[in-house]
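Following: one structure in structure tokens, then a few remarks.
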Amino acid sequence: MPLLRILVSFASLLLLLGSTSHAGEKVAYEIYAKNYFVKNSAPLPGNPAFLVLHDKKSYDQIFGIGFVIGGKPKLVTESLFQKNLVITAIKSGNALWKYDVEKVTIEKQQLIIAYKATGKESPSAKFTVPLIVSVPRGDYTDIVFIENDKEVSRMPVKK
């Protein structure tokens, strides 16, 4: 009988932990920022700018491509947008930013992109640095950007 109580208690604890978890369901993603730059003529809505891009035309209004020596780069193509959205965070100023995506999850129809951003100041230079992430299209109501463990933006997904 004591063993049964222990098993029931353990099972109850597992159910409780499972139902209160805030980890969310993992979402596959790809990062594309390495070969892209933000065009000087890009219509950015602020600084930092957070965008959800649904097609290649809107992507090309924001980004240009620069090739460097090395292997074949992973490119954003027209076909990528058939099954994916491109989500971007763009910072401008005197810091050269480095982004490290920690995880992409979905919770209650909210797509959550959690990343670390570290900047190195350079008082004599100006930078515009993008984080470019593609995710599968889904029934998302909002995109939530979590930078360095703090929510920095929340935007509705327009269909």
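The values are calculated or read from the model by the stated rules, or taken from the named source; none is laboratory data. Note that the structure is predicted; figures quoted are calculated from it, not measured. Every residue, glycine as well, gets a Cβ built from its backbone with ideal geometry; the counts of neighbours run over all protein chains shown.
Restricting the first member to segment 142-159 and to residues that are over 16 Å from residue 91 (Cβ atoms), and the second to residues that are assigned to a loop (DSSP other than H, G, I, E, B) and polar (S, T, N, Q), the beta-carbon pairs closer than 7 Å and six or more apart or on different chains are 156/141; 157/141.
Scanning segment 109-125 for residues that are surrounded by 15 or more Cβ atoms within 10 Å (Cβ to Cβ) and among the β-branched types (Val, Ile, Thr) gives 112, 113.
The residue that is surrounded by the most Cβ atoms within 10 Å (Cβ to Cβ), counting only those in segment 126-159 that are aromatic (Phe, Trp, Tyr) and touching a Ser or Thr at 6+ places or on another chain (Cβ under 9 Å), is 145. Figure legend. Inter-residue proximity from segment 108-128: first residues farther than 17 Å from residue 90 by Cβ, second residues among the small types (Gly, Ala, Ser) and not in a loop (DSSP other than H, G, I, E, B), beta-carbon distance below 6 Å, spacing 6+ or different chains. Indicated pairs: 121/95. Taking into account only those residues within segment 26-65 that are of a type in the set (Ser, Thr, Tyr) and surrounded by fewer than 16 Cβ atoms within 10 Å (Cβ to Cβ), which is nearest to residue 127 (Cα to Cα)? Going through the qualifying residues, I end up with 41. Mind checking which residues of segment 40-65 are of a type in the set (S, T, N, Q) and farther than 21 Å from residue 138 by Cβ? Selection gives 40, 41, 47, 61.
Here is a yes/no grid of residues against (1) more than 18 Å from residue 84 (Cβ to Cβ); (2) modelled with pLDDT of 95 or more; (3) in a strand (DSSP E or B):
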residue	(1), (2), (3)
116	yes, yes, yes
119	yes, no, yes
132	no, yes, yes
145	no, yes, yes
152	yes, yes, yes
155	no, no, yes
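Take the residues of segment 62-96 that are of a type in the set (Phe, Trp, Tyr) and modelled with pLDDT of 95 or more: which is farthest from residue 45 (Cα to Cα)? Outline the logic, then answer.
Filtering segment 62-96 for residues of a type in the set (Phe, Trp, Tyr) gives 63, 67, 81.
Filter once more, so that each one left must be modelled with pLDDT of 95 or more: 63, 81.
Values: 63: 14, 81: 22 Å.
Going through the qualifying residues, I end up with 81.
Residue 77 meets each of the listed conditions (1) touching a residue at least 24 places away in the same chain (Cβ under 8 Å); (2) in contact with a helix residue (DSSP H, G or I) (Cβ under 8 Å, 6 or more places away or on another chain); (3) of a type in the set (Val, Ile, Thr) apart from (1). Among the residues examined, residue 68 does not qualify as buried (at least 19 other Cβ atoms within 10 Å of the Cβ) and over 23 Å from residue 142 (Cβ atoms).
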